[in-house]
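Participant: Take this structure, written in structure tokens, and hold onto it; I'll ask about it next.
Read-outs: derived from the displayed coordinates by stated rules, not from any lab. Everything numeric in this text was worked out from a predicted model, so none of it was measured. Cβ sites come from the backbone with ideal geometry, for glycine too, and all protein chains shown count toward neighbours.
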Amino acid sequence: MKPFKKKLRLHSVKAKIFFAFMIFGGLMLLLLWIFQVEFLDQFYQMSKKHSVKSAANQINTALTEGAFSERIDEIARKNDLCVSILNENYRELYTSNRHDPRCMIDRMKQDELEALYEEARANHGSASQLITTDEQRTQWVIGMPQDGSEAQISLEKGKAIQNITYASILNVYDDASLIVLVNAEISPVNATVEAIRMQLVIITVILFLLAMVLAYYSAQKIARPIVTVNDHAKQLAIGNYDVVFDGDGYDEINELNQTLNYAAKELNKVAQYQRELIANMSHDLRTPLTMISGYGEMIRDIPGENTPDNVQVIIDEANRLTGLVNDILDLSKLQAGVQTLNIGSCDITKMIQRLTERFKKMLEAQDYHIEFTYDHECVIEGDEIKLNQVLYNLMNNAVTYSGEDRAVMVKQEKITNGVRIAITDHGAGIPKAELPYVWDRYYKSKQHHVRSALGSGLGLSIVKSVLDLHHARYGVESELGKGTTFWIELNDTIDKKDNKT
């Protein structure tokens with residue numbers, strides 16, 4: 001059933017493209033028929049009128065230049081015209097090609113000449129007249145029989161003849177004018193139209209077949225890459241991130257393949273981070289739960305084990321679980337963009353001092369060395385609770401990944417329009433290839449580290465989200481074997497109207 005649906009869908013895509021090409025080809029053929037058959041007579045008459053008018057202008061130029069007889073004869077012969085030049089009294093002064101039986105100038109009556117002359121005077125010196133005669137041109141038709149007998153000759157009547165006569169007035173002197181009459185026969189184009197129609201029938205059939213082949217080929221070439229991309233994209237939807245988008249096609253299809261390959265790579269990376277996060281979170285949840293359960297059973301079953309130290313272990317592990325759950329909820333809110341900021345004045349120097357003392361007290365039994373230095377006491381505008389969470393997570397991260405010297409350096413310095421805080425450890429460092437990903441939601445460094453006693457492992461994701469809400473700048477610098485420095489730059493003030501995303 002699925003192959004049938006795929007085939008049907010494929011043909012549907014190609015069919016739309018195929019019919020689009022066929023409709024376009026059909027419209028082109030229709031326009032060709034209209035202009036070559038239906039309007040051929042009108043185009044021919046228009047062209048003939050223009051030719052006659054152009055010849056008359058050439059004759060006028062020749063008359064003004066002198067030695068005009070040879071030039072007029074050449075124009076008449078070249079354009080198949082008859083020409084007559086009259087004075088104002090309609091007396092003929094010169095004629096060319098007048099003996100042609102098709103010429104209508106000799107047949108024009110005096111009143112017709114006068115009317116044409118008056119029309120030319122009223123129309124800025126030129127006028128034309130189209131005349132359809134009643135006589136019909138006959139032509140000889142010779143039939144050649146197949147049996148070798150004598151040829152049969154007959155007459156075939158044609159249609160009525162149309163003539164165009166163009167008159168122009170040429171002012172030779174101030175008190176003298178010449179009338180230039182140019183006449184041409186407009187040959188019937190019916191036979192030509194029939195010949196063209198037969199040619200168009202043949203051409204239409206050939207072009208229609210070629211259009212079908214071209215339309216099918218184009219539809220196949222355009223539709224196939226689209227269908228392939230669509231099929232591979234469905235693999236992404238079911239979680240197969242190893243699919244590769246390839247295949248030849250147009251530039252847009254190739255760019256789409258590259259984009260989808262990049263998307264598949266990133267989705268695969270996110271899926272891997274999610275699996276690692278679930279595994280790490282499961283471990284972090286299982287450990288305190290095991291300790292709480294074990295110490296609780298020991299206190300219940302063994303007399304005298306209900307000591308303050310054992311109870312404190314249960315309390316610490318319960319607090320660890322609470323912190324882990326809170327971090328997950330905070331990160332979800334921040335990533336969802338529903339977290340708000342309570343903007344107020346924050347003494348960032350005193351905040352760091354309190355955190356430093358807190359870490360020293362919690363880690364005094366483990367011989368950690370935490371040092372805080374600053375050049376000026378700084379007060380900024382921000383959310384004190386969330387900024388405290390940012391600094392706590394960064395310091396906890398430095399403690400977790402500190403080196404053998406177990407030293408953490410916190411440095412605060414005043415900068416233009418704000419304060420810069422840098423937290424440095426002397427641990428194993430982070431490879432340069434991994435530095436762009438340390439802020440990712442599901443990122444976890446591949447470097448070996450001990451389990452944090454003070455956090456959930458989601459700290460840097462929370463740090464990034466909170467700092468983005470504060471429009472702060474931040475970054476990380478690291479060198480393998482020498483340690484890592486996380487730094488942040490906070491402005492003196494932030495716009496309170498931007499405290500919600």
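Participant: What order do you get for 423, 328, 343 when you list them from fewest to most C-beta neighbours inside 10 Å?
Facilitator: In order of increasing Cβ crowding within 10 Å: 328, 343, 423.
Participant: If you filter segment 40-96 for GluC sites (Glu not before Pro), then keep DSSP loop positions with at most 16 other Cβ within 10 Å, what is left?
Facilitator: 88
Participant: Suppose the chain between residue 74 and residue 41 were pulled fully straight at 0.36 nm per residue; how much longer would it get relative to their current alpha carbon spacing?
Facilitator: Result for the pair: 9.2 nm of gain on full extension.
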